[in-house]
Every structure is written in structure tokens, then in C-alpha cells.
Amino acid sequence: YSRKKPWRKKNRFQGKHFQARQHMKKILNQLKKENPEKYQQLMALKRHNPNKYYAHLRQILHKKQRWSKLQKKDPELYNLIKKERQYNQKLRRLVVKIRRLENSEEKGAERSELAQKVHQLLGKLFDIRHQMRTREVVHLEKQLLRKKELLKRRLQKKEKIIERQKQKLIGVEEDEEW
């Protein structure tokens, strides 16, 4: 005997599972546009090993979430890291092309042209990494200044801090407290 409960209508467009599936579809569509090779690899993984596929998809989701947080928190750093990743991808592709070319004379001109492009990309990567390291040094200098200021204030309050710790260790009568 099953009785329908009209007040408990299920809406298939609500709930965590539906939202998660929609989010996964959105990520897959984005991946298909941005990186078709990786998308194809992921689809092959889905056919061969669904458990690994879903685990990999969850990892991608977490990375996307971290990226969006970084983009909101520090857009300049986000752009630097994005450029660095793009240049690294281009660099890997160029290196693979160069290695596939034989050392024959007719391919030598093409090889040297690709080597020049590699040199330019390495220069751009160096500049980006230098900017990132400079930002890190500035951040560390600010932290150091804050720590020094904290040390100064603690030194000025030395007697008060010692007295408070002594009271904690000895124990204070209730009537002596505020």
C-alpha cells in the first residue's frame, strides 16, 4: 500500500545531484572548447574506466574552483599564472615538433626557425617568472615589516606580558580579578 503525498512533490530540477551534473556538463563543454585533446582523453577514460573518469572530473572541478577564487582575490597573479601556463603549453608543442624533425639539411631551416620561437617563448616565460618572484619578495617584505612591528610592541609591553603570565601560573584569587 503506497500513498502519494501531494505536499512532497519532487522537482527534478532541484537538488544537489542535478546541480552537480549541470556543473560537470558546463565544465566538460568548457574543456571541449579550451583543450580538445584533453577532452578526448577524458572521454576515452570514461569508456574504459568510469571510476577514474569521475575522480579526474572532480579534480578538474576543484582546480576550477581554486582558479576562480584566485581570479577574484588577485587578478594580476591569476593573469600571470594563466600566461605562464599558456606559454608552457606552446613550448611543449614546439619542442615536440623540433624533436620529430630529422637532422637533415632541408629540415634544418625549419628546425632553426622553431628553435628561435622556443628562445622567444623562454624569454617570455623568464619575464613572467621574474614578475611572480618580485611579487613574492614584496609580499615577504611586507610580512617581515609586520613581524618587526609586532616584536617592537611586545617589547614595549614586556612587563605587562610577564605579569599576566605570572598571574596565570600562580593563580589569581577571584576577588582580585576584574
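The values are calculated or read from the model by the stated rules, or taken from the named source; none is laboratory data. Small disclaimer: the values here were computed from a predicted structure and weren't measured. In this analysis, Cβ positions are derived from the backbone assuming ideal geometry, glycine residues included, and neighbour counts consider all displayed protein chains. For accessibility, only protein heavy atoms count, side chains too; no ligands or nucleic acids. Shrake-Rupley method; radii C 1.70, N 1.55, O 1.52, S 1.80 Å.
The heavy atoms of residue 141 present about 100 square angstrom of accessible area, all protein chains included, probe 1.4 Å. The packing ranking, built from the mean of other Cβ atoms within 10 Å per residue, places the peptides 160-170, 116-126 in the order 116-126, 160-170, highest first. Summarised in one figure, the compactness ratio Rg/Rh of region 86-125, Cα atoms and Kirkwood Rh, is 1.00. Rounded to the nearest 0.05, the FRET efficiency derived from the C-beta distance between residue 27 and residue 69 at R0 = 22 Å is 0.90. Segment residue 59..residue 131, full-extension length gain: 23.1 nm, with 0.36 nm per residue of separation and the alpha-carbon distance subtracted. Percent of Cα pairs in region 21-131 per distance bin of 10 Å, from zero to the largest separation: 12, 30, 29, 22, 7, 0.
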